[in-house]
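Please read the structure below before turning to the comments.
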Amino acid sequence: MVEQPGLFKESELSSNDSKRRRQQDNERRRRKAEKRIQELRELIRLHDYYYYVEAQPRISDREYDALFEELKRLESEFPDLVTPDSPTQRVSGEPLKEFPHVHHRIPMLSLNNTYSRDELREFDRRVREGLEGEPYQYVAELKYDGVSVSLHYQDGVFVLGATRGDGVTGDDITQNLRTIRSLPLRVQTVQYHSVPLRTFEVRGEIYLLVEDFLRLNREREEAGERPFVSPRNLAAGTLKLLDPREVAKRPLRLVCYYLLTDEVELQFQSENLQLLKEMGFPTDPHWKVCETLQDVFAYIDYWETAREQLPFQIDGIVLKVDSLRQQQRLGTIARAPRWAIAYKYEAKKATTILRDITLQVGRTGKVTPVAELEPVFLAGSTISRATLHNADYIAKLDIRIGDTVIVERGGEVIPKITGVVLEKRPSTAKPFVFTACPCPHRQPLYRPPGEVDYYCDHPECPWQIRRRIEHFASRRAMDIEGLGERSVDQLVTAGFLRTIADIYDLHRHRDELVRLERWGEKSVENLLTAIESSKRRPYHRFLYALGIRFVGEEIAKILAAAFPSIDSLAQASQEELTSIQGIGERIADSVYRFFRDSHQREILERLRRAGLPLAAEHLTHPVQATGFFAGKTFVFTGELAAMPRERARAEIERRGGRVTDSVSRRTDYLIVGANPGSKLQKARQLGIPQLDEEKFLALLAENPVA
Ligand code: IVH
């Protein structure tokens, strides 16, 4: 320390001193944070790779979340340390008005397709001739049925992603692609003959797992939206969304099959696939080097059936000349390379007899007609049932029981009936009519005006009961193991389950359950334990589990955030509900009516008594018992400028307060926003004190959540 007596007063000296010390402290903290941020990003990237690319997580979700939270916290403390390649920045940027165009420096070619082996022989002959006697080999790859994209990396960082477009110009969909968790935002540097690969282009396919596709479609249908026709269609539709936050909600996947760079001279496609993998890109492991056409045919034959076991869809295989030098020699004609070809599998068709049309009743009472078919083998499995969608579909194709029908399974995953062989129609075949529910009540079906579906509205329809309980217990809802279709069926039939609330009374019937067929001490014990632990599921999953019409998983999350307890949701008016982003009239109406149904309210009461929290975690983990808000009851009137009312409600509830709808003697404060309504009058009459928005915000700030 420099001592300069006389220049500074004592106090100044020490204050400068402490300022410097503070600065040094800050510097040190910053450097520490910077180091830790780097570490965390590396770790998260690595675990993203294990999880999303290798599908083999090495840490628990909780541990992963902790890393992510720590990174987020440090980055918000030191915002200038945030970089675009940070794992926290996957979903970023504002919704676009339209996508900018991108010129593909190297055109994105398409492939010539064929369905015939003779044409493959023809292709091979042209390759042989083109190479004038040079030996060559092929790489055979699966042809993923998705949407092709081009990804550009500069200095190892993902900088641009584009659609194929017309092959020359595509759309810049970088923001959307960044949300795909298996897409590395920064790559591992890999050496190719001692040259590091840092700036390059990768091409690949965006696709969806069939399982994810089916789930998303189910959710869409629940939410009353039109389902997508195929995983490919869903992937394409998602990439066209202008809001990356919406894209992030869809489980898109990436597989890469193409590498281009000016940095080194790459030599083989097979080597490129290997390199891509080493760099951390998701690649398909099923490719194969084929030395002869016989090998190629064997590969085609194998995958023709084995593809049924893949969790995603392929529509064929792609055959490429392995040597890139030879590829160049063969060249390109009319936008398609002469060194590659796609062999496509036919959409499988078969004819069979429609034995019957049965009706399936969903948990909302919606009735879906199902074709019961003479079993027929098609594309790897035996089909004995197919959906007939609705009355209109049956009428349009004029499908009648006894008809010989055409069944198809193509890119659409689910087998469908695409036509009738009219020449084979028995003279007795009559058009199908929807009459009664298949339940014992034989409830006449009704079709609401303007809808394509029929409904059963019997409150005790056992089919609806079964579906509702199955849904409640399902994996993504309350996840009660041991309460699947078969056991629900059994327990409903035996009279143990009539509503979802009965699930939590099952423990009273332990002895009777043990004596049921297929059950025993151990399995009953397991079931009861599973039921007990289901009480701890997050609140949004409980909301989803209730099976309120149009409330799928996404909507349940939105509702849970806005109304963190069942009581607040049950009290919400239709206007309050529709004021939330993502909640339209139809959902609001359905939610509102659900909570006005006395039968549902009774069920909720029973669930509450059974010990289900019926509220978000921050409310059930004892809320604050001290502070201004604790224990007080508030009512809102008028509009708040600073936050939506649901947020304000949540803020109060987190601080231990309560919010009710109407002013009464028990109201402690009326919070008054702009354009207050009649509640203000009432509060004045009752002498209830008021808080304006400014005061309310100040109180929130003075009473932070502990
Ligand atoms: S290679 C010139 N490899 O199929 C090279 N394409 O019909 C062109 N595709 O646009 C692409 N899997 O969207 C290649 N393993 C694979 C592929 C594949 C799927 C798609 C891709 C391409 C289309 C051509």
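List of remarks:
- Sequentially through the range 187-192, phi angles give Karplus couplings (6.51, -1.76, 1.60; θ = phi - 60°) of 10, 5, 7, 10, 8, 10 Hz, Gly and Pro residues having no value and appearing as x.
- Shown is the FRET efficiency for Asn16 and Asp243, computed with R0 = 41 Å from the Cβ-Cβ distance and rounded to the nearest 0.05: 0.20.
- In summary, the lysines within cross-link reach of Lys632, defined as a Cα separation below 17 angstrom excluding same-chain residues under 8 places away, comprise Lys695.
- Charged side chains reduced to their Cβ positions (Lys and Arg at +1, Asp and Glu at -1) give the chain a dipole of some 1520 debye around its Cα centre.
- Whole-Å distance, taken between Cα centres, linking the range 103-161 and the range 227-268: 17
- Long-range amide H partners of Leu111 with built H, under 5 Å: none
- Estimated 222 nm signal from helices in the chain, with DSSP H stretches of n ≥ 4 weighted -39500 (n - 2.57), rounded to 500: -11000 deg cm²/dmol
- Charge tally for Pro57 (other residues, Cβ to Cβ under 11 Å; Lys, Arg +1; Asp, Glu -1): -3.
- Within straight-line reach of Lys535, meaning a Cα separation under 14 Å, sit the following aspartates and glutamates at least 8 residues removed in sequence or on another chain: Asp479, Glu481, Asp502, Asp505, Glu617.
- Among beta bridges that DSSP assigns inside the chain, antiparallel share in %, nearest 5: 85
- Of all accessible heavy-atom area on the range 63-203, the percent that carbon and sulfur account for (1.4 Å): 50
- Here the extension length gained between Arg117 and Thr493 equals 129.9 nm, from 0.36 nm per residue of separation less the Cα-Cα distance.
- A straight Cα-to-Cα reach below 20 Å connects Lys679 with the aspartates and glutamates Glu575, Glu576, Glu639, Glu646, Asp661, Asp668, Asp692, Glu693, Glu694, residues fewer than 8 places away in its own chain not being considered.
- Pairs exceeding 27 Å between alpha-carbon atoms, taken from Lys240/Lys288; Lys348/Lys396; Lys277/Lys416; Lys35/Lys249: Lys240/Lys288; Lys277/Lys416; Lys35/Lys249.
- Across the protein chains, with a 1.4 Å probe defining accessible surface, the residues Asp172, Asp118, Asp356 rank Asp118, Asp356, Asp172 from largest area downward.
- Accessible surface computed residue by residue for the chain, with neighbouring protein chains in place and a 1.4 Å probe, gives 52 Å² per residue.
- Positive-pole candidate from Gln327, Ile357, Gly677, dipole of the chain, charges at beta carbon: Gly677
- When the chain is described by a simple charge dipole with +1 on each Lys and Arg Cβ and -1 on each Asp and Glu Cβ, the residue from Val289, Ala701, Leu397 located farthest towards its positive end is Ala701.
- Here Asp457 and Glu617 are evaluated by their C-beta separation; at R0 = 25 Å the FRET efficiency comes out at 0.10.
- Extension gain, Gln309-Ser678: 0.36 nm per intervening residue step, less the Cα-Cα distance, totals 126.5 nm.
- Zone residues, the range 456-499, relative to Arg536, backbone N less than 16 Å from point 7 Å out along Cα-to-Cβ: 478-481
- 5 angstrom amide H check on Leu691, placed H, neighbours 5+ away: Leu670, Ile671, Val672
- Note on Val168/Ser427: beta-carbon distance plugged into 1/(1 + (r/R0)^6) with R0 of 51 Å gives a FRET efficiency of 0.30.
- Under a model in which nothing but the beta-carbon of Lys, Arg (+1) and Asp, Glu (-1) is charged, the range 248-406 shows a dipole of about 580 debye around its Cα centre.
The values are calculated or read from the model by the stated rules, or taken from the named source; none is laboratory data. Predicted model, so just to flag it, every value in this text is computed and none were measured. Cβ atoms come from the backbone with ideal geometry, glycine included; neighbour counts cover every protein chain shown. Just so you know, the surface numbers come from the protein's heavy atoms only, side chains and all, with ligands and any DNA or RNA stripped out. Shrake-Rupley method; radii C 1.70, N 1.55, O 1.52, S 1.80 Å.
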